Structure formats: C-alpha cells, structure tokens
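Below: the structure, in structure tokens.
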Amino acid sequence: MTEFDPAMLEKDDQQQEEQEQQAYSMEVASFDEVAVLERANRTAEVIDPIKGFAETAAYLKRKAGRLEGQEFTIALFGAFSAGKSSFSNALMGETVLPVSPNPTTATINRIRPVSEQHPHETADVRLKTRTQMTEDVQNSFQALGVQVTSLEDAFDKSSKLPENTPTEQQVHKSFITAFNKGYPDFKDRLGETLRTNREEFGLYVAKEEKSCFVDEIDFYYDCELTRNGVTLVDTPGADSINARHTNVAFEYIRNADAILFITYYNHAFARADREFLIQLGRVKDAFEMDKMFFVVNAIDLANDEEEKIQSLRM
C-alpha cells in the first residue's frame, strides 16, 4: 500500500491552480483582443464619413485586420554599420541576414513567416524596374558631375570613371562600379521577381553587383519570432543616399507595430542618427503609442557604467 504524501497532494493542487490561471489569462486576452477589434472597426466606421478623417479610418482598419490575422511588423532603423543585421540575427537565434557591404547597395529585407506558398528558407527577390534603376544610376552619375541619358549610356560611361574622387563621392562611384559589373546579367530581368533559396538570397544581399539591382527581398524563415506572426524588417541605413529608401523607411515608421532604432556604442547617435531622428520627428504619428525603442549595440565594450552614460551624451 502506497503511503499518503501530503506534499504530492499540495503539488498537484498547485499545478491545477497554475493551469486554471493560464486558461483564465488566455480567455481574458482573447476577450480583450475581440473587444479591441470591435472598438477599432466601430470607430473606423463612425469617423470614415467625416471630412478629414478618411486616412485615420483606413489606418484603424489596417491595424484591426493585422491584429485579427495575428500579423505584426517590427522595423529596424539606424545608420549604416550600426549592426542592424547582426541584431536581427540575434533576435532570430541564427545568422540569417548577411551584412550588406555598402550603404548604396543595401536593400529592404523582410523576414517573414513561412506559408504553403513560401516554404522555409525561400526568398522572393524583387528587382528594380528599368525606371527605378535609371533614376538611381543617373543620381550617382550626377553626383560625379556626369550626365547619362539611359542605362546603356550609363554602362558605356561606367568604365571610364576618374580614378581619384573625393571621399564624399566614393559611395556613388562604388554604386556605379557595381552597376557596371552586374548590368550584363540583369539588363533583361529588371522588374522581375525571382524565387531563390537561402544561399542565393545571401548573395543578393552581400554581393554589390547583385544587390544594387534589388529593390526589396522577402525571406521566409521559420523561427520562434516568425511563428508568432512577426515580420522583421531590416531597412537600409538612415544615411542611405537613395531617396526612395528614405520614403519607404518613413512609411514603415508610420505603419510598423514596433520600431527599433539601432545605434552603435562607438558612435552612438552620430550625425546620421541625429539627422534621421530630426526628420522622423516630422513624420505624423511616428511616436504614437510609444512604439519606438532605442538599442545601443555593443554597449558591453564600455569599461564601466560611467563610460556607458558618456557614450549616450555624445
């Protein structure tokens, strides 16, 4: 006959209580979510006909739809070399995003949840259209004092760039050099969306002669973060010379559920960071609901607490 153990009974009661509490918490969370959805949709319907509120109504409907579908977006911002890609990899628990070699060729990378149509470790690479590529090439040539009329004209002139260029023009020269190397392979594929695997995805991010032709990439990856419906957006640096990147970045700032601004310990909140934040302050609803968080990367390099604080004052 088994001897009665009061401790075992107490343990069973405790486990049952924990399970009941967990079930109650889930029920409350579900109820709160339904209530939020109902209020958001009802508010959108009420204000939509009112003059000047159409944009707000559409915003509420988008948010409600994403909440209902359990779709959330976390966008990462910061200057080039702040360590955004490394931080993204840390969130996912594996080296998924390679480091972009140059701010001029950096692209918008989205790490998305997998689906039947998009299996684990596949990617959709959207190449720039001919119009987009022409604008980018013309801007970089113009920075070097050279006018080009078409991509073919740019390709002809791209091999005749001056050897010595000022430091501030080096990023543009690097972009044109990458364009020269990749144009023969991509000239007939501009505007296409390419389905690739993980290895090829890495090349489109890290190889300048490929990445300079890319508009954006959706990479589908199965991890704890994406299983919870989170899409992680790694944006080009806040110091990107591409005006289109800046416009897209501000759209993400307005619509993302959370914004992580990454800065690096050795040059925390440098000029590029400050200028970007000043522009950010002019974006409507940018700081709504305290959804922006600041992350100082590599802060563990500081020798002591005083040095950490000092780095944030620079």
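The values are calculated or read from the model by the stated rules, or taken from the named source; none is laboratory data. A quick note: this is a predicted structure, and the numbers were derived from the prediction, not measured. Here the Cβ is made from the backbone with ideal geometry for all residues, glycine too, and neighbour counts use every protein chain on show. Keep in mind that these areas ignore ligands, DNA and RNA; they rest on the heavy atoms of the full protein, side chains included. Shrake-Rupley method; radii C 1.70, N 1.55, O 1.52, S 1.80 Å.
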Would you calculate the volume per residue, in Å³, of the smallest convex hull containing every Cα atom of the range 72-153?
140
Gyration tensor verdict on the range 161-208 (Cα atoms; rounded if a/c is under 1.5, prolate if a/b is larger than b/c, oblate otherwise):
prolate
Using R₀ = 35 Å, calculate the FRET efficiency as 1/(1 + (r/R₀)^6) where r is the Cβ-Cβ separation of Arg39 and Glu116; round to 0.05.
0.60
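Where the accessible area of the range 160-209 is counted over protein heavy atoms with a 1.4 Å probe, how much of it, in %, is carbon and sulfur?
Carbon and sulfur: 43 percent of the exposed surface of the range 160-209.
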